[in-house]
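Structure record follows, encoded as structure tokens.
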Amino acid sequence: MALIQHFDPWKGKFCTCPPKYTLNPYTGCRHSCLYCYITSFIPQAFVVREKQNLLQAVQKELQKIKSSYLSLSNSSDPYPMEEEEKQYTRTILKMCKDHGIPVLILTKSPLVIRDIDILKEMKAAVSLTITTIDPKKAKILEPHAPEPEARIQALQELSRAGIPTLLRLDPIIPGINDNPKEWEEILQQLSAFVRQVVVSTFKPRADSWKRLVEAFPSLSSTQSWYTQKEGNSFYLERQKRENILRSLQQIVHHHGLFFSSCREGFPEWNDLHCDGSSFLQVQSRNALSVIGGTSFRG
Ligand code: SF4
């Protein structure tokens with residue numbers, strides 16, 4: 001099977017991403033986030049494994065990407081601690097740069113700043129996920145992921161280097177990280193360093209729900225809120241999703257940033273594509289107001 005695949009989140013009807021390719025340089029993800037969905041389709045999902053002949057295969061498969069871009073990664077983190085030594089993601093970035101293929105990075109790891117030298121020389125945008133700035137809560141929710149403070153610093157450093165950055169404030173789990181005061185605090189720290197904020201609500205599957213309720217027993221009283229089923233995931237009832245997204249949108253716009261939600265069923269609220277690809281279409285920061293059709297700061 002090819003390592004580089006068309007991105008297709010289970011043909012989800014709420015996905016509004018433009019056509020793109022996706023690659024996971026590693027199989028599995030040690031961060032072990034309780035809310036993670038990859039455990040429903042990857043055996044031993046929280047164990048990081050290398051792929052055989054990865055670089056040779058990627059070099060060959062990159063030829064098939066034409067007029068599109070590559071997303072790293074959607075079912076793992078492209079910067080696990082193994083990457084420090086192996087440098088597979090770094091090598092793939094160099095290959096993409098040489099082929100003129102734009103790249104979107106999605107990570108929770110500050111190791112991404114190691115590759116600023118390459119990212120600066122190609123079309124790229126980096127999304128970092130922060131679900132909470134409370135280190136104790138983060139340690140339970142994302143046991144082996146880097147601390148939120150390290151992620152904040154990574155976003156700041158990327159931004160100072162001129163690389164388009166996005167904050168992924170997701171998933172929002174009612175009862176865990178749905179306090180607007182915390183959202184405001186996060187935005188206060190980051191609004192000068194990110195161009196867009198992407199949000200989504202928690203979409204539990206059987207195994208992720210079990211892990212979360214074991215760690216946060218009070219959540220069991222919220223189970224009845226997840227009434228909508230899309231594919232293998234449950235969704236919060238529409239009105240609750242709408243309330244969460246509307247209040248986040250207000251905060252994000254108040255800070256002069258672009259807002260998008262991801263797979264929520266409200267595409268008309270998105271200022272830009274939620275995957276960061278809007279930033280691949282332009283060279284200059286100012287030109288983004290044209291793409292967004294808004295007067296927000298880009
Ligand atoms: S970083 Fe993403 S892929 Fe890795 S465990 Fe967390 S949610 Fe899953």
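The values are calculated or read from the model by the stated rules, or taken from the named source; none is laboratory data. Owing to the predicted nature of the structure, the values given are computational and were not obtained by experimental measurement. Cβ coordinates were reconstructed from backbone atoms using ideal geometry, including for glycine residues, and neighbour counts include every protein chain displayed.
Please work out which residue is farthest from S109 (Cα to Cα), limiting yourself to the range 13-30 and to residues that are more than 16 Å from the ligand (Cβ to nearest atom) and among the aromatic types (F, W, Y). Applying the filter and picking the extreme gives F14.
Among the residues of the range 152-163, the ones that are assigned to a helix (DSSP H, G or I) and within 16 Å of G276 (Cβ to Cβ) come to 4 in all. Filtered by the rule that a residue be among the aliphatic types (A, V, I, L, M) and exposed (fewer than 14 other Cβ atoms within 10 Å of the Cβ), the range 10-63 gives a lone residue, V47. In the range 26-50, the residues that are within 18 Å of D170 (Cβ to Cβ) reach residues that are part of a strand (DSSP E or B) with C-beta atoms within less than 8 angstrom, at least six apart or across chains, in these pairs: Y35/P171; Y37/S233. Considering the range 155-188, the residues that are farther than 22 Å from I251 by Cα and of a type outside the set (D, E) include one that is surrounded by the most Cβ atoms within 10 Å (Cβ to Cβ), namely L158. Pairs linking a residue in the range 107-118 that is farther than 14 Å from I92 by Cα and away from the ligand (no atom under 16 Å from the Cβ) to a residue that is charged (D, E, K, R) and outside any loop (DSSP other than H, G, I, E, B), with Cβ atoms under 7 Å and 6 or more positions apart or on different chains, are I113/E157.
For Q156, the conditions (1) more than 16 Å from the ligand (Cβ to nearest atom); (2) within 16 Å of the chain's Cα centre (by Cα) are fulfilled apart from (2).
Scanning the range 194-224 for residues that are surrounded by fewer than 17 Cβ atoms within 10 Å (Cβ to Cβ) and touching a Gly at 6+ places or on another chain (Cβ under 9 Å) turns up S218, S221.
In the range 121-138, the residues that are in contact (Cβ under 8 Å) with a residue 60 or more places away in the chain and polar (S, T, N, Q) reach residues that are assigned to a loop (DSSP other than H, G, I, E, B) and more than 15 Å from the ligand (Cβ to nearest atom) with C-beta atoms within less than 7 angstrom, at least six apart or across chains, in these pairs: S127/G276. Would you confirm, using the coordinates I've provided, whether R90 is modelled with pLDDT of 95 or more and within 10 Å of the ligand (Cβ to nearest atom)? Judged against the criteria, R90 is not a match. Please enumerate the residues belonging to the range 31-81 that are within 16 Å of the ligand (Cβ to nearest atom), in a loop (DSSP other than H, G, I, E, B) and of a type in the set (S, T, N, Q). Answer for the range 31-81, where residues must be within 16 Å of the ligand (Cβ to nearest atom), in a loop (DSSP other than H, G, I, E, B) and of a type in the set (S, T, N, Q): S32, Q44, S73, N74, S75, S76. At least 3 residues being closer than 29 Å to V103 by Cα is the threshold, and among the strands (runs of 3 or more DSSP E) wholly inside the range 164-270 those reaching it are 165-172, 196-201, 258-261.
Residue under question is V282, and the condition is that it be within 30 Å of G162 (Cβ to Cβ), part of a helix (DSSP H, G or I) and at pLDDT below 90; does it hold? No; evaluated as a whole, the condition is false for this residue.
Scanning the range 133-145 for residues that are out of contact with any Lys or Arg (no Cβ under 6 Å at 6 or more places or on another chain), surrounded by fewer than 22 Cβ atoms within 10 Å (Cβ to Cβ) and assigned to a loop (DSSP other than H, G, I, E, B) yields I133, D134, P143.
A residue that is in contact with a strand residue (DSSP E or B) (Cβ under 9 Å, 6 or more places away or on another chain), small (G, A, S) and either crowded, with 17+ Cβ neighbours inside 10 Å or assigned to a loop (DSSP other than H, G, I, E, B) (or both) cannot be found anywhere in the range 91-104.
Residue count for the range 175-197, restricted to those that are among the β-branched types (V, I, T) and touching an Asp or Glu at 6+ places or on another chain (Cβ under 9 Å): 0. From the list A138, A124, the lone residue that is touching a Pro at 6+ places or on another chain (Cβ under 6 Å), at pLDDT 95 or above and over 22 Å from E50 (Cβ atoms) is A138.
Would you mind telling me which numbered condition in (1) at pLDDT below 95; (2) in contact with a strand residue (DSSP E or B) (Cβ under 7 Å, 6 or more places away or on another chain) T165 fails? All conditions are met except number (1). When only residues in the range 75-90 that are under 20 Å from E61 (Cα atoms) and among the hydroxyl-bearing types (S, T, Y) count, which is surrounded by the most Cβ atoms within 10 Å (Cβ to Cβ)? Across the range 75-90, the extreme among qualifying residues is T89.
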